[in-house]
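Novice: So that we are looking at the same thing, I have put the structure below in structure tokens.
The values are calculated or read from the model by the stated rules, or taken from the named source; none is laboratory data. All values derive from a computational prediction rather than experimental measurement. Methodologically, a virtual Cβ is constructed for each residue, glycine included, from the backbone with ideal geometry; neighbour enumeration extends over all protein chains shown. Ligands, DNA and RNA are stripped out before the accessible areas are found, and what is left, the full protein with its side chains, is counted by its heavy atoms. Shrake-Rupley method; radii C 1.70, N 1.55, O 1.52, S 1.80 Å.
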Amino acid sequence: MKLPDREKIVLALAAPLLAIVAALAITSVVIGATGKDPFHAFWVMADFGSKSDSQVWIINQATPYYLSAVAVAIGFRMNLFNIGVDGQYRVAAFAAAVVGGALTLPGFVQIPLIILVAMLVGAVWAGIAGLLRTTRGVSEVITTIMLNSIAASLIGYFLQEGRLAEREGNLFHTPDLPSSSRFFTFPTDPDPVWGSVLIALAVGLAYWFVLGRTRFGFDLRTVGRSESAASAGGVGVKRMVVTSMVLSGAVAGLVGLPTLLNKSFNYGTDFPAGIGFTGIAIALLGRNHPVGMLLGALLWGFLERTGTQLEFEEYAQEIVGVMQGVIVLCVVIAYEVVRRYGLRRQQRRVGEELASQARGNDETAEVGA
């Protein structure tokens with residue numbers, strides 16, 4: 001039996017509110033334990049985060065975070081733990097940078113080609129883990145960890161002078177992309193918002209539609225809940241495992257493109273790493289929901305941006321990391337607590353209705369006698 005609409009709304013709002021209150025309380029205790037004023041820290045973060053340059057920075061930073069979270073969430077919905085997003089996006093961005101730097105084509109051809117190469121390489125790299133899972137029974141956790149190391153070693157081998165890279169001071173990077181490869185930006189003040197934010201929004205919309213509104217998405221979620229039930233229903237479990245890993249890798253291939261096409265215009269030794277692991281935290285924070293992950297990515301960017309200001313106020317630089325970890329834990333725990341409470345409410349309501357029906361049947365039987 002379903003809960004009344006009003007009660008469902010209350011439960012839906014209770015989880016994030018409980019998580020926010022718990023996270024603020026725990027963080028305040030941690031900051032207070034360092035001998036600093038937690039309320040002043042929150043005021044500094046809110047004030048600095050409200051500035052226009054900070055808002056632009058947060059949006060730009062949240063773009064690859066969101067793409068990474070969606071890539072992870074595809075695996076999560078399938079009950080697969082793809083922790084290889086970090087290696088997948090790095091090897092994909094490297095391949096895209098090499099191909100894009102070697103060609104000089106019109107922008108309407110060059111940019112889609114770079115995007116296609118990145119998605120293809122990311123899909124192939126993740127597909128290896130999917131094939132090993134279905135053909136040899138190897139856990140995707142093990143294979144994706146190993147593939148992360150292989151990707152880093154492969155990039156390190158080719159990212160050398162005389163191979164596929166050139167040297168600039170102490171840095172090695174691929175040849176710069178031609179001007180036709182550079183993605184557009186939105187003219188905001190004082191810094192522009194990257195046009196690649198549209199790619200992230202399109203991916204989020206596709207994720208919502210495909211997984212929530214199509215037969216394929218239903219089959220994928222069914223396999224994630226019960227492989228035996230899905231197999232009994234005629235769903236090819238092995239095929240869905242490989243397909244979901246390939247889709248996850250294809251989205252992971254897009255993670256490095258905002259930086260590549262809007263900022264660095266090459267792949268170098270200073271290319272950002274670790275975004276794949278951040279995506280895991282944001283996917284958990286957003287409960288694998290496209291809007292939830294969007295808010296989580298913006299929150300992550302906000303904490304990173306405002307955390308730098310806290311250092312100038314002589315707060316410990318580890319405070320931001322503590323905040324991020326506490327928020328993720330509080331969200332996971334709060335949603336589980338609310339879920340269990342809602343389940344108990346349902347069970348109690350069903351029990352009361354069954355008891356009421358039983359009493360009614362007994363009374364009817366007595367009248368008939």
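Novice: Given 48, 39, which one is open to solvent by 70 Å² or more (accessible area, probe 1.4 Å) and aromatic (Phe, Trp, Tyr)? Walk me through it before giving the result.
Specialist: Working: 48 fails: open to solvent by 70 Å² or more (accessible area, probe 1.4 Å).
Step by step, each of 48, 39 is checked, and only 39 is open to solvent by 70 Å² or more (accessible area, probe 1.4 Å) and aromatic (Phe, Trp, Tyr).
Novice: Still on this structure, please answer the following. Considering only residues that are in contact with a helix residue (DSSP H, G or I) (Cβ under 8 Å, 6 or more places away or on another chain) and among the polar types (S, T, N, Q), look in the stretch 13-55 and name the one that is nearest to residue 328 (Cα to Cα).
Specialist: 27
Novice: I'm told residue 263 meets every condition in (1) assigned to a helix (DSSP H, G or I); (2) surrounded by fewer than 24 Cβ atoms within 10 Å (Cβ to Cβ); (3) within 16 Å of the chain's Cα centre (by Cα); (4) in contact (Cβ under 8 Å) with a residue 40 or more places away in the chain except one. Can you identify the failing condition by its number?
Specialist: (3)
Novice: Can you tell me which residue is least open to solvent (accessible area, probe 1.4 Å) among those in the stretch 138-153 that are in contact with a helix residue (DSSP H, G or I) (Cβ under 6 Å, 6 or more places away or on another chain) and of a type in the set (A, V, I, L, M)?
Specialist: 151
Novice: A further question on this structure: Of these, 208, 194, which one is crowded, with 19+ Cβ neighbours inside 10 Å and within 22 Å of the chain's Cα centre (by Cα)?
Specialist: Exactly one residue qualifies, and that residue is 194.
Novice: What's the number of the only condition in (1) open to solvent by 10 Å² or more (accessible area, probe 1.4 Å); (2) under 15 Å from residue 296 (Cβ atoms) that residue 57 fails to meet?
Specialist: The failed condition is (2).
Novice: Right, another one. Taking the conditions exactly as written (at pLDDT 95 or above, in contact with an Asp or Glu (Cβ under 7 Å, 6 or more places away or on another chain) and assigned to a helix (DSSP H, G or I)), does residue 61 satisfy them or not? First the steps, then the outcome.
Specialist: Working: at pLDDT 95 or above: yes; in contact with an Asp or Glu (Cβ under 7 Å, 6 or more places away or on another chain): yes; assigned to a helix (DSSP H, G or I): yes.
Here the answer is yes, as residue 61 does meet what is asked.
Novice: May I ask you to verify whether residue 126 is out of contact with any strand residue (DSSP E or B) (no Cβ under 8 Å at 6 or more places or on another chain), under 21 Å from residue 275 (Cα atoms) and surrounded by fewer than 21 Cβ atoms within 10 Å (Cβ to Cβ)?
Specialist: Answer is no for this residue.
Novice: Can you list residue pairs whose Cβ atoms sit under 7 Å apart, with the first residue in the stretch 137-156 being in contact (Cβ under 8 Å) with a residue 40 or more places away in the chain and charged (D, E, K, R) and the second being outside any helix (DSSP H, G or I) and open to solvent by 50 Å² or more (accessible area, probe 1.4 Å)? Count only pairs 6 or more apart in sequence or on different chains.
Specialist: Between residues of the stretch 137-156 that are in contact (Cβ under 8 Å) with a residue 40 or more places away in the chain and charged (D, E, K, R) and residues that are outside any helix (DSSP H, G or I) and open to solvent by 50 Å² or more (accessible area, probe 1.4 Å), the close pairs are 140/81.
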